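The next block holds one structure in the form of structure tokens; read it before the comments.
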Amino acid sequence: MTDTLVVNEHYLNRVVAVAETAGVEAAEDIMSGNGIKLLAKGTRIDANAKERLLQHKLRKPLESSVRVIDGVALRQLDQVAEALLDRHALLASVCGSVDARRVTAALQALRLTSSTESMLSVYAAQGPHKLEHAVGVSLMGASMQHNLPGAGSGDGQQVLMVAGLLHDVGELYIDPAILNARSRLTAEQWKHIAAHPIVAAHLLRDMPGAGPQVAEAVLCHHERLDGFGYPQGLRGTQLPLSGQVLALAEMLMGLIESGRSPAERASVAVKLIPGEFNRHLLARVAQAIRRSATAPAEQEAAPQSAIETLAQRVALLDTTLGRLRPLEDSIEERIRSSSPGLRELMQHTVDRGRRIRLAFSSTGLNTLGPQELRERLAAMDAQVQFEVDIVLREIEWRMHEVKRETRLRLERLPPADAALALQFVEESKDAARSAVQEVASPAVQRASA
């Protein structure tokens, strides 16, 4: 080992916080890079130990050298899985009864190593639903993997179970002020969030109980087949099957946890931009959505103020996308003689914008005049109005994603290319701002800021 292993302060702070309730100790002698014994095996990791660890580079990763005494091994992961299946109809439907039973039994039999158990324990301590999220992604991923053409059975299931449990441990290395921010993140802050799959994969690759296959799946859990995921922007065959499964499972679990009408939201999310996810997996999800659908509860029609807000949002999207169309044509013209890297990035961004515009046009809402739109929205029952809101939210989010991911990727370009790409981004922001000024009410302006 080299002497270049610096302890991450954010991770260590979280370990020390866990130690106050669960107890954390050195699983072996912890040595500095130059051979000094910093902590003997069995020493409790507390505030004093923290200061000593931060002052030295280590011979081995700290994550492999600590043990959470009362960790998640004392909780039955299969019981967490069963509770989630009982609570969430869409989760149970996606997993299917046969696969759910098989994976739940596998979770019961799963034996985590000291290192992986400790990582999961520290992650689970970060919030009341963190363990449920990890188990849900693990359960769904391993269930979907079983029927995926080209996927193995035993090893593939084990990889996805462990990867699902550990996919978000990279968050432990992010400043809590950024990770828990309530306002929209700056581009610089987002870089820290976007790096969490890389951090996790680096840790898990050589960790006993995880390994290269688990690390590969974790690295890809925010990637998309069309290349517009993160952190690497992989596309098509660059994305391993395990990563394709984990990416869809993570996205669906996020929707399930978000609350109201996850099936309706999932139906929109997986269909809005074709080509993001594996088609075999989507066929299974589509069937699951139909099976889990329930008759909507009686709801009161939206008040006139809500109708007005919906109409404003439709108008804002229509105007913004219309303003961006000639800019996209201009960008294509200006990048024809650019470097391959810049040309690829901006063409991909332009294509993404066009697909979002096509998705919006497919709703038909942009074909109506202002008064007709308000009348049409007012005539809808409450469930249809809610579905319109879901579609608009998803399109609004995808537009934010385009700006965020383009801003992140341009930093990989040479300085001159990055400056030109940033100019394109700023021109797009100017077009969006002018659309807000033209169309939006004060409430919508605040939501679009």
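For this structure, a couple of remarks:
- Here the strands (runs of 3 or more DSSP E) wholly within the stretch 1-93 that include at least 2 residues being in contact (Cβ under 8 Å) with a residue 24 or more places away in the chain and under 25 Å from residue 179 (Cα atoms) are 66-68.
- Test: residue 292 is closer than 30 Å to residue 419 by Cα and of a type in the set (Gly, Ala, Ser): no
- Of the residues making up the stretch 221-256, those that are of a type in the set (Gly, Ala, Ser), buried (at least 20 other Cβ atoms within 10 Å of the Cβ) and either at positive phi or in contact with a Gly (Cβ under 8 Å, 6 or more places away or on another chain) (or both) are 227, 242, 247, 249.
- Qualifying residue in the stretch 212-220 (condition: buried (at least 17 other Cβ atoms within 10 Å of the Cβ), among the hydrophobic types (A, V, I, L, M, F, W, C) and modelled with pLDDT under 95): no
- Among residues of the stretch 20-35 being surrounded by 11 or more Cβ atoms within 10 Å (Cβ to Cβ) and among the β-branched types (Val, Ile, Thr), the one that is nearest to the chain's Cα centre (by Cα) is 24.
- For beta carbons closer than 7 Å, sequence separation of 6+ or different chains, a first residue in the stretch 280-294 that is more than 25 Å from residue 241 (Cα to Cα) and part of a helix (DSSP H, G or I) and a second that is at pLDDT 90 or above and small (Gly, Ala, Ser), the qualifying pairs are 291/93; 292/89; 292/93.
- Residues located in the stretch 230-264, provided they are among the hydroxyl-bearing types (Ser, Thr, Tyr) and part of a helix (DSSP H, G or I): 237, 242
- Residue 286 touching a helix residue (DSSP H, G or I) at 6+ places or on another chain (Cβ under 8 Å) and not assigned by TED's automatic domain parsing to the domain that holds residue 410: yes
Yes or no, residue by residue, for (1) part of a loop (DSSP other than H, G, I, E, B); (2) in contact with a His (Cβ under 7 Å, 6 or more places away or on another chain); (3) not assigned by TED's automatic domain parsing to the domain that holds residue 9:
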residue: 141; (1), (2), (3): no, no, yes
residue: 144; (1), (2), (3): no, no, yes
residue: 157; (1), (2), (3): no, yes, yes
residue: 181; (1), (2), (3): yes, no, yes
residue: 184; (1), (2), (3): yes, no, yes
residue: 197; (1), (2), (3): no, yes, yes
residue: 203; (1), (2), (3): no, no, yes
residue: 206; (1), (2), (3): yes, no, yes
residue: 217; (1), (2), (3): no, no, yes
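- Annotation note: of 437, 371, 385, the sole residue that is modelled with pLDDT of 85 or more and loosely packed, with under 14 Cβ neighbours inside 10 Å is 371.
- Criterion: in contact with a Leu (Cβ under 7 Å, 6 or more places away or on another chain), small (Gly, Ala, Ser) and surrounded by fewer than 15 Cβ atoms within 10 Å (Cβ to Cβ) - qualifying residue of 259, 275: 275
The values are calculated or read from the model by the stated rules, or taken from the named source; none is laboratory data. Bear in mind that the values here come from a model prediction, so they are computed numbers and not experimental data. Counting neighbours? That spans all protein chains shown, and the Cβs are built from the backbone with ideal geometry, glycine included.
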